[in-house]
1. Limited to the stretch 64-84, what total is found for residues that are part of a strand (DSSP E or B) and open to solvent by 10 Å² or more (accessible area, probe 1.4 Å)?
2. Give, as residue ranges, the strands (runs of 3 or more DSSP E) completely inside the stretch 85-177 that count at least 1 residues that are among the aromatic types (Phe, Trp, Tyr) and touching a Leu at 6+ places or on another chain (Cβ under 7 Å).
3. Which members of the stretch 184-196 meet the condition of being in a helix (DSSP H, G or I) and either open to solvent by 100 Å² or more (accessible area, probe 1.4 Å) or at positive phi (or both)?
4. I'm told Ser117 meets every condition in (1) surrounded by 17 or more Cβ atoms within 10 Å (Cβ to Cβ); (2) within 13 Å of the ligand (Cβ to nearest atom); (3) of a type outside the set (Asp, Glu) except one. Can you identify the failing condition by its number?
5. Would you be able to say whether some residue in the stretch 45-60 is touching a residue at least 60 places away in the same chain (Cβ under 8 Å) and surrounded by 17 or more Cβ atoms within 10 Å (Cβ to Cβ)?
6. Report the residue count in the stretch 1-24 for those that are farther than 17 Å from Leu142 by Cβ and open to solvent by 60 Å² or more (accessible area, probe 1.4 Å).
7. For a quick check of your reading of the model, give me the residue pairs whose first member lies in the stretch 98-121 and is hydroxyl-bearing (Ser, Thr, Tyr), whose second is buried (at least 19 other Cβ atoms within 10 Å of the Cβ) and assigned to a strand (DSSP E or B), with beta-carbon atoms closer than 6 Å and at least 6 apart or on different chains.
Amino acid sequence: MKITIIGAGNVGYHLSQRLKEVGHTISQIFSRQTNKAVRIARILEASPIDNISSLTPDANLYIIAVKDDAIGLVAEKMRKRLPGNTWVVHTSGSTPSTVLAPHFNNYGIFYPLQTFSINRLADFLNIPILIDSNKELMKNRLHQLAETVSPKVYSINDAQRAVLHVTAVMVNNFTNHLYSMAEDILRQEELPMETLIPLIQETSKKVSLFPAKEMQTGPAVRGDVDTINRHLEYLEKFEDYKKVYEVMTASLKEMHGK
Ligand SMILES: NC(=O)c1ccc[n+]([C@@H]2O[C@H](COP(=O)([O-])OP(=O)(O)OC[C@H]3O[C@@H](n4cnc5c(N)ncnc54)[C@H](OP(=O)(O)O)[C@@H]3O)[C@@H](O)[C@H]2O)c1
């Protein structure tokens with residue numbers, strides 16, 4: 001398939017390379033930063049563009065991978081260069097596909113459900129791709145395209161994707177924030193974060209094997225009140241972290257009937 005990628009951030013960078021790797025042609029890659037567009041385009045053997053008005057209508061599919069709030073605006077600008085029946089998708093987990101509807105007749109979603117960073121290798125064999133479209137033919141073609149990228153492909157509508165995105169925020173953004181808090185406390189106490197790494201790894205391994213609720217341990221589910229009180233006393237000097245500890249403890253007690 002001939003594909004144009006609009007956006008050269010974390011997702012645009014990794015997804016375009018994967019598409020090229022599995023045999024697709026990347027026609028153009030867009031970044032507002034010329035140097036960035038040129039650098040990535042060289043790897044992709046694609047044409048770099050730093051202005052939406054330079055888009056050409058030669059691709060079979062246009063993938064928008066820009067920040068969520070800019071998707072509608074970018075689609076609006078794209079429409080000035082591309083016919084209304086152009087196939088256009090975006091890669092956002094939380095933005096409805098219908099944000100594209102005012103501009104294009106054939107629109108959809110190509111959402112890789114993973115956390116991407118430019119300097120981390122993306123293992124697409126283990127990245128679920130969630131696809132959707134307002135047109136059955138396009139949905140089938142997106143499904144086929146996604147299967148060339150990953151073995152884990154799901155047809156998921158906007159409402160279902162919104163639910164998955166809420167839970168993705170819980171398991172990734174929130175847990176990572178908890179790691180950051182732990183990191184900060186340990187740094188201030190001059191204690192090594194590396195002592196927690198095996199615990200973090202074992203926790204995430206267990207969740208792929210057993211229901212998370214069954215694997216829950218800790219003072220809140222044991223009902224160890226004195227331990228909890230000692231923790232809260234220690235956290236007096238970290239007011240924000242104490243609030244999070246209290247909310248999490250209350251939620252744990254509620255779920256485990258304590
Ligand atoms: N990162 C993830 O883990 C992840 C995972 C799945 C899905 N997603 C989704 O994928 C999309 C891209 O995310 P990302 O992480 O790749 O973001 P990112 O690394 O922050 O990159 C965002 C891209 O958006 C472009 N951009 C920002 N504002 C723009 C505007 N007003 N007009 C045109 N381009 C603009 C930036 O352009 P310049 O290069 O021109 O500065 C950059 O290339 C988002 O919808 C996000 O929800 C992200």
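1. The initial filter retains those residues of the stretch 64-84 that are part of a strand (DSSP E or B), namely 64.
Applying the additional criterion that residues be open to solvent by 10 Å² or more (accessible area, probe 1.4 Å) yields none.
Number of matching residues: 0.
2. On the way: elements: 87-90, 106-112, 129-133, 153-155.
Correct list: 87-90, 106-112, 153-155.
3. Applying the first criterion (in a helix (DSSP H, G or I)) to the stretch 184-196 yields 184-188, 193-195.
Answer for the stretch 184-196, where residues must be in a helix (DSSP H, G or I) and either open to solvent by 100 Å² or more (accessible area, probe 1.4 Å) or at positive phi (or both): Arg187, Gln188, Glu194.
4. Among (1) surrounded by 17 or more Cβ atoms within 10 Å (Cβ to Cβ); (2) within 13 Å of the ligand (Cβ to nearest atom); (3) of a type outside the set (Asp, Glu), the lone unmet condition for Ser117 is (1).
5. Of the residues in the stretch 45-60, the ones touching a residue at least 60 places away in the same chain (Cβ under 8 Å) are none.
Checking the stretch 45-60: not a single residue is touching a residue at least 60 places away in the same chain (Cβ under 8 Å) and surrounded by 17 or more Cβ atoms within 10 Å (Cβ to Cβ).
6. Let us first name the residues in the stretch 1-24 that are farther than 17 Å from Leu142 by Cβ, namely 7-10, 12-14, 17, 20-21.
Filter once more, keeping what is open to solvent by 60 Å² or more (accessible area, probe 1.4 Å): 10, 20-21.
Of the residues in that region, 3 qualify.
7. Tyr107/Val88; Tyr111/Leu130
Residues checked against (1) within 11 Å of the ligand (Cβ to nearest atom); (2) over 17 Å from Ala122 (Cα atoms); (3) β-branched (Val, Ile, Thr):
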| site | (1), (2), (3) |
| --- | --- |
| Tyr13 | yes, no, no |
| Val22 | no, no, yes |
| Gln28 | no, yes, no |
| Ser31 | yes, yes, no |
| Val38 | no, yes, yes |
| Ala41 | no, yes, no |
| Leu44 | no, no, no |
| Asp50 | yes, yes, no |
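The values are calculated or read from the model by the stated rules, or taken from the named source; none is laboratory data. Quantities reported herein were computed from a predicted structural model and do not represent experimental measurements. Using ideal geometry, Cβ is built from the backbone for each residue, glycine included, and neighbour counts are taken over all protein chains shown. We work out accessible area using only protein heavy atoms, side chains counted, and drop any ligands, DNA or RNA first. Shrake-Rupley method; radii C 1.70, N 1.55, O 1.52, S 1.80 Å.
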